[in-house]
Each structure stands twice: as structure tokens, then as C-alpha cells.
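Structure, as C-alpha cells:
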Amino acid sequence: MAVRFDIGSRIVVSKDQVSSELGGEAVILSLINGVYYGLDPVGARIWQLVQEPVTLEQIRDVLRAEYNVEAAELRVDIRELLEQLAEHGLIENAE
Amino acid sequence: MRYWYEVYGIRLRSEIELSFAEHIPAGEPEVDVLGETEHFFRRASRAAALIPDTSRWYEYAILDNAQIYLRWDGLFEFLIDGDGRRIWFHSLGADSAESLRVYLLGRALSFALVRQGLEPIHSSAVVLNGAALAFLGESGFGKSSLAAVFIEAGCRLLTDDQLLVSHASGQQAAQPGPPRIKVFPWVARRFLSLHGEGVRLNKWSEKLVLPLGDDRHQSHPAPLRAFYVLDGPSAVSNQQNIQIVTLSQREALVELMRHTFNYHLSDRERLQRLFSKSRELASRVPVKRISYPRDPAMLPNIRQRILADLGDGGRAGSSLGGF
């Protein structure tokens with residue numbers, strides 16, 4: 001089922017996963033279905049941010065400050081990644 | 001009559017004689033292998049909802065009492081106890097007894113190992129200058145053929161198809177598997193100088209099961225030096241050069257998890273352990289990806305390329321340095 005987040009959604013990692021940061025990248029393993037994900041450095045930074053409840057807007061602001069990317073483009077990329085992670089039960093709404 | 005063995009670093013006691021030398025280790029068996037009757041198996045598997053493996057080669061079921069039932073139609077069946085301490089077997093046909101032993105020490109034992117908290121890897125490994133090189137790859141990707149070409153150059157096989165790594169005192173020790181290799185007849189002739197020896201793995205495969213003597217198999221552990229992940233034949237062009245790249249730790253962790261020998265047991269505790277052990281290995285042992293054309297004549301060149309990658313100056317003598 002497709003998961004949608006809006007700019008104010010508070011998001012946090014699910015308990016049904018284990019993850020590890022390795023050399024600035026990250027790997028996540030779903031404990032529900034055994035599917036694993038590799039995240040590049042930007043994905044790994046987002047993963048770091050969602051360890052505590054955070055909104056999409058807050059993630060965008062942190063990344064804008066750290067990477068030289070247009071806000072609109074950044075918002076789409078963040079949303080795509082988060083929706084993929086949510087579809088596999090790796091993150092969830094914090095509410 | 002019970003026979004005692006040590007394989008993958010595990011003390012194994014068996015009612016069926018295996019095709020290698022007995023070793024009577026100190027202590028209780030960690031796995032007991034027991035023959036059972038048709039009646040025993042029909043009762044045990046009565047409620048089994050069999051799931052075909054992705055290869056369609058065998059079926060398995062995890063029973064309500066946590067036992068695991070495995071069945072190769074027309075060949076044999078196994079039942080593994082919930083704690084992995086006992087494996088029962090029963091022959092379903094007149095196929096080679098050696099074939100039963102191969103699947104007993106392969107797929108069936110892998111369930112027992114995982115149930116005992118161990119993590120077998122889908123890998124063949126050879127010993128080069130006292131350290132283990134492990135080749136990771138899916139079935140049919142050429143792990144055993146690559147191992148054979150190293151044996152040709154004087155290395156000894158450590159294990160074929162299933163690898164267990166033990167972690168002790170900060171070191172990763174690759175454990176020895178049974179002293180045999182499963183290869184196609186042309187590999188046996190060309191790289192092992194074995195003509196007409198061995199028995200067929202089963203009636204559907206051309207592969208031969210070939211016993212290896214002490215000069216070609218190492219029966220004690222070796223420190224693990226490197227993993228090489230073999231790209232599949234379909235991912236490689238016949239025109240391309242041999243390529244070796246070192247994987248990042250993220251890529252290495254994913255490859256090590258992907259190459260678990262047993263992907264059927266996926267309860268939460270097991271997945272956490274697989275992740276944790278793979279992460280430890282990825283952080284301690286280099287993992288490289290190797291792509292090469294699947295031209296049999298190229299295999300010695302691939303061996304040379306790996307030796308050059310390791311900085312061993314193209315020598316493949318297997319010194320007797322142990323772990």
C-alpha cells in the first residue's frame with residue numbers, strides 16, 4: 001500500500017528493523033520480511049535524522065543547510081525515499 | 001553403530017558413515033544424525049505445508065513444533081529438531097548414498113547450524129599461504145570451478161559451497177568443510193586431473209562429487225583473508241576484462257547477508273543475528289567483487305588476477321601455516 005507523507009508529518013524509525021552506519025553510508029534490514037536496504041551518504045543522513053521523531057520540513061531544512069540543493073528538488077527526493085522506507089515498514093508516523 | 005566427525009568446526013555424531021575420516025573430538029556431539037523409518041517421517045510430516053524452494057529442487061516446511069522438514073522428491077527427506085541438535089534422515093529412492101551425504105552436510109545441516117545460532121555462508125574457500133580466500137556466489141556462478149583452479153596451483157580446498165566462520169579473540173577463522181568438491185566433469189579433468197572418478201551428485205545433474213585427499217583439502221581452520229563476490233554469468237560480457245573492485249562496508253554487509261546459505265529461517269532473532277554477524281565480518285574482512293568472462297580457458301588468468309590483487313606476486317603455493 002502506498003504511503004504518503006506531507007510536509008508536516010512527524011516520522012520516526014520503526015522498531016521492526018536493525019540498521020548500521022558504515023563509512024558514512026547505512027544498511028537497514030527489515031525484521032518483518034528480511035529485505036535489506038543500502039543508503040548512500042545523503043540517505044544515511046536522513047536515516048540518522050529519523051532516529052527521533054522529525055518532520056519532513058525539518059529534514060529538508062537540515063539537508064538544505066548541509067547540501068547545496070534546491071529546496072523543491074530536495075523535498076521530492078526526501079519524500080520519495082521516506083515513502084519507500086515506509087512502504088517496507090522501516091519508518092512510521094510518530095503520532 | 002555411531003561414527004564421529006568434526007566438520008565446519010562442529011562435533012557431529014552419525015548413524016550413517018560419511019565418506020571421510022572419523023575424528024573423535026572431546027565432548028558431546030553438537031549434532032546427532034539419525035536414520036529413521038518411512039512411518040516416522042509420515043507421522044512427523046503429516047501436517048507439513050510444504051513450500052518449494054526458489055530453485056524448485058526441494059521443498060521444506062517449518063512445523064508447529066519448530067522442527068523443519070525437508071524433502072527432495074524421489075531422493076531423501078530430513079527432519080531437523082527445533083534446537084538444531086538432531087537431524088533425522090530417510091532415503092526415498094535408490095539414488096547415490098553419496099548424494100544423501102552431500103545434502104545432509106549441506107542444506108539439512110545448514111538448518112541445524114542456524115537453529116544453533118550459527119550463520120553459514122554460501123561460499124567455497126581455498127587456503128592460500130595459510131589464509132582462506134572465500135568465493136561468494138549463487139548456485140551456478142562458478143565458486144567450485146574457481147576453487148578447483150586454485151587447487152590446480154597447489155592450494156588446498158577448505159570448503160565447497162557452505163562456509164562457517166567462527167569469531168574468536170578478534171580473529172575470523174574459516175572452518176573446514178567435508179573433504180570433497182562438486183564440479184562438472186570437464187573441471188575435474190582439466191584442473192584436478194581426475195578422469196572418470198567420483199559419483200554424480202544426482203541423476204539430474206552432471207556435477208560429480210569428488211573426494212579430496214589431505215594434499216588437496218585442509219582439515220583445520222584458516223584465518224579469513226578476503227571474500228570475492230562472483231558476478232553472475234548473465235551480468236558479464238564475454239568481451240570484458242577481468243575486473244576486481246573493493247566494496248564499501250555498506251556494499252560488503254549487503255553481500256554477506258545476501259549470500260547466507262540458509263535464507264529460509266527468517267524469524268526476528270535470526271535476522272538480527274545475521275545482520276550483526278555480517279556487519280562484524282564486513283568490518284574486519286575485505287570484500288571484493290570480481291567480474292570475468294565465463295570462458296573456461298580464462299580460469300587460470302582469473303586465478304592470476306586474484307593473486308595479483310592480493311599482492312602475492314602470482315604465487316599460489318599453499319604453505320602449511322595454520323590458524
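The values are calculated or read from the model by the stated rules, or taken from the named source; none is laboratory data. Model, not experiment: these values are computed from the prediction. Counting neighbours? That spans all protein chains shown, and the Cβs are built from the backbone with ideal geometry, glycine included. The area values use the complete protein model at the heavy-atom level, side chains included, leaving out ligands, DNA and RNA. Shrake-Rupley method; radii C 1.70, N 1.55, O 1.52, S 1.80 Å.
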Accessible surface of residue B:216 - all protein chains present, 1.4 Å probe, nearest 10 Å²: 60 Å²
Order of exposure, largest accessible area first, which applies to B:254, B:245, B:229 with probe 1.4 Å: B:245, B:254, B:229
Residues losing 40 Å² or more accessible surface upon assembly, segment A:21-39, compared with the chain by itself, 1.4 Å: A:22, A:25, A:27, A:29, A:31, A:36
Per-residue mean of C-beta atoms belonging to partner chains within 10 Å, peptide B:275-281: 3
Give me the accessible area buried between chains A and B, both sides summed, with a 1.4 Å probe, in Å² rounded to the nearest 100. 1400 Å²
All lysines inside 20 Å of residue B:143 as judged from Cα atoms, apart from same-chain residues fewer than 8 positions distant: B:182, B:207, B:288
Label-point separation in nm, residue B:92 to residue B:4, each point 7 Å along Cα→Cβ: 3.4 nm
Using a 1.4 angstrom probe on the protein heavy atoms only, could you order A:7, A:59 from most to least accessible area? A:7, A:59
Please turn the phi angles of segment B:117-123 into ³J(HN,Hα) values with the Karplus equation 6.51 cos²θ - 1.76 cosθ + 1.60 (θ = phi - 60°), one per residue in order, whole Hz, x for glycine and proline. x, 9, 10, x, 10, 7, 7
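Taking a 1.4 Å probe, which of A:20, B:55 shows the most accessible area, and what order do the others take after it?
Sorted by accessible area, descending: B:55, A:20.
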Ignoring ligands, DNA and RNA, what accessible area per residue does chain B give at 1.4 Å, in Å²? 41 Å²
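Quick one: accessible area per residue over chain A, 1.4 Å probe, rounded to a whole number of Å²?
52 Å²
Under 8 Å for C-alpha pairs, at least 6 residues apart: give me the relative contact order for chain A, rounded to a whole percent.
Normalised by residue count, the contact order of chain A is 40 percent.
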With label points built 7 Å along Cα→Cβ from the Cα atoms of residue B:85 and residue A:33, find their separation and express it in nm. 3.7 nm
Radius of gyration and Dmax for the protein assembly as shown's Cα atoms, expressed in Å? 23.6, 75
Set the Förster radius R0 to 22 Å, insert the Cβ-Cβ distance between residue B:234 and residue B:54 as r into 1/(1 + (r/R0)^6), and round the FRET efficiency to 0.05. 0.85
Rounded to the nearest 10 degrees, the helix B:143-152 long axis (Cα) sits at an angle to the longest Cα principal axis of chain B of 60 degrees
For segment B:48-65 and segment B:104-144, distance of Cα centres in Å: 21 Å
Direction-averaged shadow area of the convex hull around the Cα atoms of segment B:128-205, nm²? 5.9 nm²
Helix axis angle, B:299-310 relative to chain B longest principal axis, alpha carbon, degrees: 80 degrees
Percent accessible area from carbon and sulfur atoms, the protein assembly as shown, protein chains only, probe 1.4 Å: 47 percent
Estimated inter-spin distance, residue B:195 and residue A:57, nm [label 7 Å along Cα→Cβ]: 8.1 nm
